[in-house]
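Accompanying notes for the structure given below.
The values are calculated or read from the model by the stated rules, or taken from the named source; none is laboratory data. Model, not experiment: these values are computed from the prediction. Quick reminder, even Gly has a Cβ in these numbers, built from the backbone with ideal geometry, and neighbours come from all protein chains shown.
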Amino acid sequence: MDDELRERVEAAGEAAALFNALKHGSDPDVGAIMGPLMGENPDFRPHGDEIPGVVARVVNRVADMDEAERRERLGELAPDKLAELEAEDEGDDHVLPELPNAEDGAVVMRAAPNPNGPWHVGHARMPAVIGTYKERYDGEFICRFDDTDPETKRPDLDAYDAILEDIEYLGFEADRVLKASDRLETYYDHARELIDAGGAYTCSCSGETFSALKNDAEACPHREKAAETVHEEFDAMVAGEYDAGEMVLRVRTDIEHKNPALRDWVAFRMIDTPHPREAAADYRCWPMLDFQSGVDDHLTGVTHIIRGIDLQDSAKRQRFVYDYFGWEYPEVLHWGHVQVDEYDVKLSTSTIKGLIADGELTGWDDPRAPTIRSMRRRGIRGQALVDSMTELGMSTSDVDLAMSSVYANNRDLIDDEANRYFLVRDRDDDPAV
């Protein structure tokens, strides 16, 4: 284990040990923090035999601290974790924590849906939490459609409006609505600036060839091309002169990085399938999500990002681009996946599309479908879904949403105004009586 990795392990281990000690009011335990630590940092796993020894020394230091010292230190290392503990201390396990380094009137957050279909119930969590934070901090809510994959996650032209309707149903309105497919020229301009900064190069290696080089920490033979050549080849990509898989633009990172997923990742690739939006149909050179999203977050002034714990590598990739441009990276909060009980249907847009196509569901608003449109059709208030989602908090572990909590919240909302009806059955019409 090199010094850089050891420092990262110590910092992550210390934060985990502090959180564990404060949460349980006792000295931290190595065994209790190893699971979350390795789960949240997959690049630690190849060094699993060395990690416990490093963590044990950190745990011993934390054990020697009193509670005040632990809180102060956790606030330095992981302010979001401290906020989570403080919310629990106030007697509410499900209150959204304060955002780290947030100022009233200056918080900008974004929901970034892929418009490949209307939203299922799990999608409600992001706008519910962002909308709640917007109200708390008098901030800004951006809805940015990340629709730069016209092939594998092909946009549904009806989904753009459907998603905005779902946000409105939840009780919020986006302050700005953007479509990434309208912004291709902006991404091209930043790619050219990145090339000039020595941060990108064109590569015609096959996927298999580059994967083998990457896994062996060996540089691609195209890595040291002259910037003039890279510009010419990238302009040819933009002009559509290459076929899919023939040429990509890579971000130059650290080819010997401990995490192979971060080594010289693809920023742009060629896609032959035309985009369904007429305004974007002529483009063939498309940015990968990490490049597009990273550039847009900076240009739109996003201050805080919420993303799944499984997407930690996205921030790490984007930081290479931010470093080349001298940008400050937004605050990032990670959370686990939300799982919804009651439904046998998988919470997946593609799965629900398949069930509709097969006739097993009548549409996105079928009462049996795990979709926001179904909730609306069934008479469930959007606020009931928002309340249930925010009650889940911001845990980095996977969480379960019980639909019974949505129904209970809905009853609270409609109880005072709901009409109540009674009937007396005609006994002569009911032979069973």
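When you scan the range 349-382, how many residues do you find that are in contact with a helix residue (DSSP H, G or I) (Cβ under 9 Å, 6 or more places away or on another chain) and assigned to a loop (DSSP other than H, G, I, E, B)?
Quick first cut of the range 349-382, residues in contact with a helix residue (DSSP H, G or I) (Cβ under 9 Å, 6 or more places away or on another chain) only: 349, 360-376, 379-382.
Retained after the next criterion (residues that are assigned to a loop (DSSP other than H, G, I, E, B)): 360-370, 379-381.
Final tally of qualifying residues: 14.
Across the range 139-177, what is the number of residues that are part of a strand (DSSP E or B) and either modelled with pLDDT under 95 or surrounded by fewer than 19 Cβ atoms within 10 Å (Cβ to Cβ) (or both)? Before you say what the answer is, go through the steps one by one.
Step one: of the range 139-177, the residues part of a strand (DSSP E or B) are 140-145, 176-177.
Now narrow it down to the ones that are either modelled with pLDDT under 95 or surrounded by fewer than 19 Cβ atoms within 10 Å (Cβ to Cβ) (or both): 176-177.
Of the residues in the range 139-177, 2 are part of a strand (DSSP E or B) and either modelled with pLDDT under 95 or surrounded by fewer than 19 Cβ atoms within 10 Å (Cβ to Cβ) (or both).
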Answer from Val302, Val295, Val321, Val386 - the residue that is surrounded by 20 or more Cβ atoms within 10 Å (Cβ to Cβ), in contact with a Pro (Cβ under 6 Å, 6 or more places away or on another chain) and not charged (D, E, K, R): Val302
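Does Tyr187 fit the bill of being within 29 Å of Gln339 (Cβ to Cβ), aromatic (Phe, Trp, Tyr), assigned to a helix (DSSP H, G or I) and modelled with pLDDT of 95 or more? Even if it seems obvious, please write down each step before you answer.
On the way: within 29 Å of Gln339 (Cβ to Cβ): no; aromatic (Phe, Trp, Tyr): yes; assigned to a helix (DSSP H, G or I): yes; modelled with pLDDT of 95 or more: yes.
No; evaluated as a whole, the condition is false for this residue.
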Answer residue from the range 150-176, given it is in contact with a Phe, Trp or Tyr (Cβ under 7 Å, 6 or more places away or on another chain) and of a type in the set (D, E, K, R) and is farthest from Thr349 (Cα to Cα) among those: Asp175
